[in-house]
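Take a look at the structure set out below.
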Amino acid sequence: YVVTAADGTNYAVATMRLTISAVPVMTPASQAVSGVVGTAIATTSVFVAPTLTDTSGTKTFTVSPALPAGLTLNAATGTVSGTPTAVSTQTTYVITGTDGTNSSANFATSTLTIVVAATAAATTKTTVPTSAQGCLASTVKGRIRNTVDVANSALPSTQFACSMRIAIRPTKAVVVAVAHQGTTINKTVASYSVVLKRLNGGSIVRPLTMGTAPSVLRANYPRLIAGTWSVTITAFSATGATVATYNSTSFRVG
């Protein structure tokens, strides 16, 4: 631009350059991660590295407050990684990304909620009578606030499993039980992958392996973040081939 100043007799001319930059945006805007002491965070949750758009300089990321012990933030990529070394209650952290211009207009933020449990809940097997052919997922009881029961007729195939129960406890814990006949009877399915997914981001995976006898396999998820969750169960053959996948309806925890 050219700016001209005059007093009626004299005048002066100056040039001015004006640059208008777009406001940076960081995605995802928020996500949640569940960790377990002594287990790499990458194996218990899915963390999506934030993306900072509409910036021109070198991107730099910071986080506040300090992350739980054992976890670190990559300042260049915004990725959170590491192995938690101590229990941490549910806390919300703010990740800030900037393009290095030190301008208050050239940064964006996103939130990250993290909770770290003491130990991984072991996957256990409860043997049921052979005459029942392992079809009693409803044997998962105790203090339960709500349940989602799935009969064989609602599962992908007769070989997928006998039944399934999702038990939501008052303590924000979830138990996913898969009842099966055992590999002696069911020669199609050898193992399962149980994925618990949160609507606003984050997932936790538990593997389940069938034995030869009928039993109920349980995938335990302690101390979850309150929110809307769903379960995806994939059945695999002995060679690792996918047999079928079941997706539950969503349910509320907390």
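The values are calculated or read from the model by the stated rules, or taken from the named source; none is laboratory data. What you are looking at is a predicted structure, and each value in this text was computed from that prediction instead of being measured. Note that each Cβ is placed from the backbone with ideal geometry, even for glycine, and that neighbours are counted across all protein chains shown.
Computed values, structure above
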read-out: Residue within region 169-177 that is closer than 17 Å to residue 157 by Cβ and either surrounded by fewer than 20 Cβ atoms within 10 Å (Cβ to Cβ) or among the hydrophobic types (A, V, I, L, M, F, W, C) (or both) present; value: no
read-out: Any hit, region 219-242, residues being surrounded by fewer than 19 Cβ atoms within 10 Å (Cβ to Cβ), among the hydrophobic types (A, V, I, L, M, F, W, C) and without any contact (Cβ under 8 Å) to a residue 12 or more places away in the chain; value: yes
read-out: So residue 213, is it of a type in the set (A, V, I, L, M), crowded, with 23+ Cβ neighbours inside 10 Å and not assigned by TED's automatic domain parsing to the domain that holds residue 33; value: no
read-out: Test: residue in region 145-166 that is under 30 Å from residue 29 (Cα atoms) and either of a type in the set (A, V, I, L, M, F, W, C) or within 25 Å of the chain's Cα centre (by Cα) (or both); value: yes
read-out: Hey, residue 184 β-branched (Val, Ile, Thr), closer than 29 Å to residue 48 by Cβ and not assigned by TED's automatic domain parsing to the domain that holds residue 35 or not; value: no
read-out: Exclusive hit being part of a loop (DSSP other than H, G, I, E, B), modelled with pLDDT of 70 or more and surrounded by 12 or more Cβ atoms within 10 Å (Cβ to Cβ), set 49, 32; value: 49
read-out: Condition met for residue 156 (surrounded by fewer than 16 Cβ atoms within 10 Å (Cβ to Cβ) and without any contact (Cβ under 8 Å) to a residue 60 or more places away in the chain); value: no
read-out: Matching strands (runs of 3 or more DSSP E) fully within region 84-203 where at least 2 residues are under 25 Å from residue 37 (Cβ atoms), aliphatic (A, V, I, L, M) and at pLDDT 80 or above; value: 88-98, 107-117, 163-168, 174-180, 191-198
